[in-house]
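> This is the structure, below, for whatever I ask next.
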Amino acid sequence: MTHSPDPATRRRLAGGEVVGSRESDGTLAWRGLRYAQPPTGERRWRAPQPPAPWQGVAEALAHGPMAPQVAGLLSGLPPKTYGQLVGDEDCLSLNVFAPPPTAESRPPRPVMVWVHGGGYAVGTSALYDAARKLALHDDVVVVTVNYRLGVLGWFTHPALAEADGATPEERSGNFGTLDQIAALRWVRDNIAAFGGDAGCVTVFGESAGGQAVLTLLASPLAAGLFHRAVAQSPVAETFSVEAAVHRSASPLASRQCTTFDITARLWAAASRSPDAAAAHAALAGARASEVAAFLRSLTPAQLLAPYAPGSVGIYLAPRPTRDGVVLPLAPLAEVFASGPWNRMPVILGSNRDEVRTFLADKPEHSRLLGGKLPLLHDRPAYLAESRYQSRAWRALHVDAMADAMLAGGHRDLWTYRFDWDEAPAIPFVRPDLLLGAAHAMEMPFAFHDPCEAFDPFTVATPFNRASRQALAEAMGTAWSSFARHGEPRLPDLAGRPAAGWARRAGGSGADSLVFDSARDGGLRMAAARESIGTIKRELAADPALQARPDLLCAIYARLFLWHPLFEGHGDEAEYRQWAQRLGCAIPAEAFRPRVEV
């Protein structure tokens, strides 16, 4: 879509003047604003630098390029591009959306900065223009951000640090995190020109974007740059330097994508050694300058070649690294429980059926009709496995983080679970069951958009319009009021008194707000806390699965042995005890999924 410059959007920033456009709904938009210099050439794998000043009036009418990635649903590109390499290293830009102008003068507005998800491997801010609905309905300024992804965003290599005279921040390899911090610095320095309040900034994000929120809370470099945080379906995983860099003996393919492993594969692919094993030996004796020059000589396509993309192009490798400078040395739960972190009001939550987004099209569970529509082989097995995996996601990546914050004395904390599951019940395909309240389903509702401008799962129908509108009003209002006041407030719905969203507290009582339609109980506080121990006990005793010991073993193996987000919470010895108790003679290896993500 082509946007035309609007004179009313002319603004002066730190580096020069810009002009944006006016949306059809009246909101003002500035797209593709540089917040750092292009991280290309010698600036690849270096900390982001402030953008250079410019002369004249720069037009901010089009999104900046997405980071290099394998095209898929989260690239926002046509399906014919899926599987191809797209994007550009010159990707460090952001977009600003402001409410329609009024004649009266107004105080600075709260600012909401959206960090997109995509496993830190795919995605683009261009996909989330619907976030401007918060500017339209809730009188806030919205910023959406691009940052470096994958091997270009997180790559901790000692040779780069030694050869390049890297700063302590650059030695971390957390370049994507440094980009997010640079974007927040840009907001601090420039957002007043758009009517935003640099002293009232909320960072919110989903999935890897939720992970970014957690790491920004932990990073000392982000101190003072934001003041509230919302982590939607976050991943709480971080890596030690050892785990990010050195060779791994893990059977998981994603754990065999450490910096040294990937460099060896690239070295062998360039015919500098006959195979990866020989490459490891050659690289051990190579000069740092030689290794660094080799890595910098490769194109993005060559750098991405060793990775095996899974769902929507996501490939996994070590991401945020606990280096002691950008991120603390301790895992996030330990940081939140006892270490210094950027304490502020926090919302954490997950979706009831998180993993169905990733399981629905996997060959273990479905066949694709026409190569597109999943048809389940065994509906009860799919529903059971997705239920336990989704509960584990919440236990490790939401409840463990929330309870760590509570243990550290933090009280400005609210948690939620998103349960809306009214996708159409189309015969045979059954999207309502395939998806349920799947990962990413809540995003349009949080944007105060009832799946009208943004409907990634194509769930909007006339039959669920009323529930979509009511829930978008509730969630959008909660998010924007949290940004404004540091406390989420819920609206009156259909003339009924607003439900209360109580702070999370310890104990076994109602700890989270459930977001759901009136048909299924509406907004309500509930006991949603999960733990791995409880999940294992309830799985072993699940009455609906007692007649299917092989399925119980499959769920255990895929959850605790073969899933990269839950690895380490089970082992082969426990599996053998589990299988023996159930009378299952199938080895764990037989249940290994063909694709890890």
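The values are calculated or read from the model by the stated rules, or taken from the named source; none is laboratory data. All figures in this text were calculated on a predicted structure; none of them were measured in a lab. Cβ atoms come from the backbone with ideal geometry, glycine included; neighbour counts cover every protein chain shown. The protein model used for the area step is the full one, side chains on, heavy atoms only, and it has no ligands, DNA or RNA in it. Shrake-Rupley method; radii C 1.70, N 1.55, O 1.52, S 1.80 Å.
> Check which residues have an amide H placed less than 5 Å from ASP6's amide H, if you skip close sequence neighbours.
Those qualifying (amide H under 5 Å, at least 5 residues apart or on another chain) are GLY20, SER21, ARG22.
> Tell me, what HN-Hα J-couplings in whole Hz come from the Karplus equation 6.51 cos²θ - 1.76 cosθ + 1.60 at θ = phi - 60° for each residue of segment 138-148, using x for Gly and Pro?
10, 6, 10, 9, 10, 10, 10, 10, 9, 8, 5
> Further question on the same structure: May I have the convex hull volume per residue, in Å³, for the Cα set of the chain? Please report the intermediate quantities before stating the final value.
On the way: hull volume 95.0 nm³, N = 597.
Spelled out: Cα convex hull of the chain, divided by residues, is 159 Å³.
> Could I have the simple spin-label model distance between ALA541 and ILE426, label points 7 Å from Cα toward Cβ, reported in nm to one decimal?
Each label point is offset 7 Å from its Cα along the Cβ direction, giving 4.1 nm.
> Can you give the net charge of the other residues whose Cβ lies under 14 Å from the Cβ of VAL325, counting K and R as +1 and D and E as -1?
-1
> GLY349's amide H: which non-local residues (gap 5+, or another chain) put their own amide H closer than 5 Å, with H modeled 1.01 Å from N in plane and none for Pro or chain starts?
Those qualifying (amide H under 5 Å, at least 5 residues apart or on another chain) are ALA231, SER233, TYR416.
> Follow-up. With runs of 4+ DSSP H residues as the only contributors, calculate the mean residue ellipticity of the chain at 222 nm using -39,500 (n - 2.57) per run, divided by the residue total and rounded to the nearest 500.
Per the formula, -8500 deg cm²/dmol.
> Any cysteines in the chain with zero other Cys Cβ atoms under 4.7 Å from their Cβ? List them, or say none.
For the chain, the answer is CYS91, CYS200, CYS257, CYS451, because their Cβ atoms have no other cysteine Cβ under 4.7 Å.
> Run the numbers for SER508 and ASP571: contour at 0.36 nm per residue of separation, minus the present Cα-Cα distance, in nm.
Working: separation 63, 0.36 × 63 = 22.68 nm, distance 2.86 nm.
Full extension from SER508 to ASP571 adds 19.8 nm.
> Here is a follow-up. Across segment 178-185, in residue order, what do the Karplus-derived ³J(HN,Hα) couplings come to in whole Hz, using 6.51 cos²θ - 1.76 cosθ + 1.60 with θ = phi - 60° and x for Gly and Pro?
Each residue's phi maps through the Karplus curve to give 4, 4, 4, 5, 5, 5, 5, 5 Hz.
> Take the alpha-carbon centre of segment 37-61, take the same for segment 436-515, and report the distance between them in whole Å.
37
> Given the chain, what percent of its DSSP beta bridges are antiparallel, to the nearest 5?
40
> If each residue of separation counts as 0.36 nm, what is the full-extension length gain between ARG185 and ARG581 once their alpha-carbon separation is subtracted?
Details: separation 396, 0.36 × 396 = 142.56 nm, distance 5.62 nm.
The ARG185-ARG581 span can extend by a further 136.9 nm.
> Compute the distance from the alpha-carbon center of segment 142-206 to that of segment 359-389, in whole Å.
Cα centroid to Cα centroid, the span is 37 Å.
> Convert each backbone phi in segment 279-284 into a coupling constant with the Karplus relation 6.51 cos²θ - 1.76 cosθ + 1.60 (shift: θ = phi - 60°), then list the ³J(HN,Hα) values in order as whole Hz, x for Gly and Pro.
5, 4, 5, 5, 5, 4
> Something else about it: When only the heavy atoms of the protein chains count and the probe is 1.4 Å, how do LEU559, LEU369 rank by accessible area, highest first?
Descending accessible area places them as LEU369, LEU559.
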